[in-house]
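Here is the structure we will look at, set down as structure tokens.
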Amino acid sequence: NSKLDTLFSKINERMGYMEDVALYKAQHQLGIEDLDREKVVVSKAKTSSEKFLISSESIEDFTISMMSAAKAIQYRYRANLLSHSDLMSIEPRDLKNEVRPALIKLGREINSSIYEYLKDGSNISDSSFLTFSKSIESKYLTEEDKIMVFKSLQKVKVKI
Ligand SMILES: O=C(O)C(=O)C[C@]1(C(=O)O)C=C[C@@H](O)C=C1
């Protein structure tokens, strides 16, 4: 299903930023979890969900799940940096000017893709998990992480 593929690839794209984020934070001695930023991300996702007639509560839970996976990638990547100090000299994409705006844009695109798929009454069934799992390419996510994100995605509802 091409609409579902678009949705999964947007989620993969979001996860694809997290190694850069982890590297940037390591270079700037910043902690991985940024709760103030999480509030901003959730609030922007909820605002955009209203335009797409998506239940904002369900999008809040789903956004939190994606951020949990994002942090899991960052913690594991950061641990990896301890034995690969050569990576510390690479310049990651800039967190504030590039990555964060891109993550907000992707949040809107993810909402739009969810709406496009769900609006005809389709639902995301368990049988799509294998495709989802293959779409999410980060080597720093476990199957359990992916199940957690997928389950909260399945709970997203449109208001019809
Ligand atoms: O913007 C950041 O600093 C990120 O690490 C990204 C992100 C997210 O997934 O949106 C993940 C973890 C942080 O706690 C806040 C936000």
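Just so you know, all these numbers are worked out from the coordinates, no wet-lab data involved. Every value quoted in this text rests on a predicted model; they were computed, and no experiment measured them. All Cβ positions, even for glycine, are placed from backbone atoms using ideal geometry, and neighbour counts span all protein chains on display.
A few comments on the model shown:
- Filter result for residue 96 (of a type outside the set (Ser, Thr, Tyr) and within 11 Å of the ligand (Cβ to nearest atom)): yes
- The listed residues are 46, 51, and the only one of them that is of a type outside the set (Val, Ile, Thr) and crowded, with 16+ Cβ neighbours inside 10 Å turns out to be 46.
Table: residues versus (1) surrounded by 11 or more Cβ atoms within 10 Å (Cβ to Cβ); (2) of a type outside the set (Val, Ile, Thr); (3) closer than 22 Å to residue 1 by Cα.
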| position | (1), (2), (3) |
| --- | --- |
| 87 | yes, yes, no |
| 96 | no, yes, no |
| 107 | yes, yes, yes |
| 122 | yes, yes, yes |
| 133 | yes, yes, yes |
| 139 | no, yes, no |
| 155 | yes, yes, yes |
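- Filter result (in a helix (DSSP H, G or I) and away from the ligand (no atom under 15 Å from the Cβ)) within the range 51-80: 51, 56, 57, 58, 79, 80
- Condition broken by residue 16, with the remaining ones in (1) under 11 Å from the mean Cα position of the chain (by Cα); (2) within 9 Å of the ligand (Cβ to nearest atom) satisfied: (2)
- Of all residues making up the range 111-125, the number that are in contact (Cβ under 8 Å) with a residue 12 or more places away in the chain and among the charged types (D, E, K, R): 2
- Residue check, residue 48 within 16 Å of the ligand (Cβ to nearest atom), over 20 Å from residue 18 (Cα atoms) and either in contact (Cβ under 8 Å) with a residue 60 or more places away in the chain or in contact with a strand residue (DSSP E or B) (Cβ under 7 Å, 6 or more places away or on another chain) (or both): yes
- For the range 89-110, the set of residues classified as over 14 Å from residue 24 (Cβ atoms) and in contact (Cβ under 8 Å) with a residue 60 or more places away in the chain consists of 104, 106, 107, 108, 109, 110, listed by residue number.
- Condition check for residue 150 on (1) among the hydrophobic types (A, V, I, L, M, F, W, C); (2) surrounded by fewer than 17 Cβ atoms within 10 Å (Cβ to Cβ); (3) without any contact (Cβ under 8 Å) to a residue 60 or more places away in the chain: one failure, at (2).
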